[in-house]
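Beneath this line is the structure, given in structure tokens, with notes to follow.
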Amino acid sequence: MRIIFSRKGFDSSSGGCPSPVLPDGRLLSLPIPDVRSKIRYRDLQIEGINPGRLVSQLTRSKVNSSSGAHLDPDLLNGHLPRLAGWRPLLGQTGSAQGHLSKQGIQPGDLFLFFGLFREAEIYQRRWRFIPGTAARHLLWGWLQIDEIVHVDSLTPGEQPWLNYHPHLHGEPDSNNTLYLARQSLSLPGLNHIAGSGVFEQFDPRLQLTQPGSDKPSVWQLPSWFYPADRQPLSYHHRAERWQINPSHCLLQAVARGQEFVLQADHYPQSAEWVAQLLMPS
């Protein structure tokens, strides 16, 4: 199996700010702006939140409620009205999809989605990021692949439930690919858990950024992540990116790039780590 650390959601270049950790501890990954998308931020349905108001105030109106939202990955049934047959999915294209193809991604592999987050609050009736808090990389969702579908292979009207998805409304690209989720996980001891979903509440286990660091891309990982003589996390082959300590290792993650692939079969401890993340607490 392969574990794909997939960077998704708002950050300083896509959206202009982090996604919020809400006052009740919920992680709300904001989909990046997309002028071609048929979905607007105001269309999103999030319990207890007006997403159009939230995104407008956190971005200081750089993005507003009528802006197009690239809802991808799309993991929660309740975010929009759905047609029959809807399934959670992720789309990928361009060089990022080329990298996934070269890494041999196939059904059964697991995406772990991460993004840039910061604590937010309502202050004087407006959303803002809490002063003094730092942005950090957090894991926020997962998807185990059931099917891989190339958009070029779809015939018009073949799967009507897909017509809303932003990867069906972009520029033509032979790499344009959809990853459809399994109904339930096919992993040891986890087959009672949904094959895709979000981590609803912040948990320290979801934090990738080294605690106390003001640089989100300095990651503190379990010591078994250290590659030694094994194939490292893709895009992270340079030895100087890694430091090993008795209890953990540090990784200077690359500043850009969307998909980082770990050949989990080379890292036996990865199965228990994934199980601890995905098992309900």
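Overview of values
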read-out: Helix-only CD estimate at 222 nm, as mean residue ellipticity for the chain, using -39500 (n - 2.57) per DSSP H run (n ≥ 4); value: -2500 deg cm²/dmol
read-out: Choice from V261, V35, V21 showing the highest fluctuation, given a GNM over the chain with Cα pairs closer than 10 Å; value: V35
read-out: The stretch 171-228, Rg to Rh (Cα coordinates; Rh as Kirkwood inverse mean 1/r); value: 1.10
read-out: Difference of contour (0.36 nm per residue) and Cα-Cα distance, D24 to D173; value: 49.6 nm
read-out: Proxy reagent accessibility, fewest Cβ within 10 Å first, across S174, S270; value: S174, S270
read-out: 10 Å beta-carbon shell around P23, net charge (K/R +1, D/E -1); value: -2
read-out: The stretch 175-269: radius of gyration and largest Cα-Cα distance (Dmax), Å; value: 15.5, 42
read-out: Calculated P(r) of the chain - Cα pairs past 33 Å, %; value: 20 percent
read-out: Size of the stretch 62-112 as Cα extents on the principal axes (Å, biggest first); value: 38, 32, 18
read-out: Per-pair calculated FRET efficiency, R0 = 41 Å: A255 and L80 via Cβ, rounded to 0.05; value: 0.80
read-out: Residue with peak Gaussian network fluctuation, the chain [Cα springs, cutoff 10 Å], from D11, D146, D229; value: D229
read-out: Residue-count net charge about T133 - beta-carbon cut-off 10 Å; Lys, Arg +1, Asp, Glu -1; value: 0
read-out: At q = 0.21, 0.24 Å⁻¹, base-10 log of I(q)/I(0) for the stretch 76-166 (Debye sum, equal scatterers on each alpha carbon); value: -1.17, -1.33
read-out: Two-decimal Rg to Rh for the stretch 201-252 - Kirkwood Rh, Cα set; value: 0.97
read-out: Charge dipole magnitude, Cβ of K and R +1, D and E -1 - the stretch 188-281, Cα centre, debye nearest 20; value: 220 debye
read-out: With eigenvalues of the C-alpha gyration tensor scaled by 5 and rooted, the stretch 1-141, Å; value: 26, 18, 14
read-out: Among 149-158, 53-62, 108-117, the order from most to least packed when residues are scored by Cβ within 10 Å on average; value: 108-117, 53-62, 149-158
read-out: Nearest-20 debye value, the chain charge dipole, Cβ charges on Lys, Arg, Asp, Glu; value: 880 debye
read-out: Overall Cα dimensions of the stretch 29-78, principal axis frame, Å, largest first; value: 28, 27, 15
read-out: Cβ-based exposure ranking for D74, D24, in which fewest neighbours within 10 Å come first; value: D24, D74
read-out: Cα→Cβ-extended label distance, 7 Å offset, between S247 and H192, nm; value: 3.2 nm
read-out: Length released on extending from D214 to T133, taking residue separation times 0.36 nm less the Cα-Cα span; value: 28.2 nm
read-out: Of the trypsin sites (Lys or Arg not before Pro) in the stretch 119-214, those whose Cβ has at most 16 other Cβ within 10 Å and which sit in DSSP loop; value: R125
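Computed from the coordinates by the stated procedures, all read-outs in this text should not be read as laboratory data. These numbers were taken from a predicted model, which means no experiment stands behind them. With ideal geometry, Cβ positions are generated from the backbone for all residues, glycine too; neighbour counts draw on all protein chains shown.
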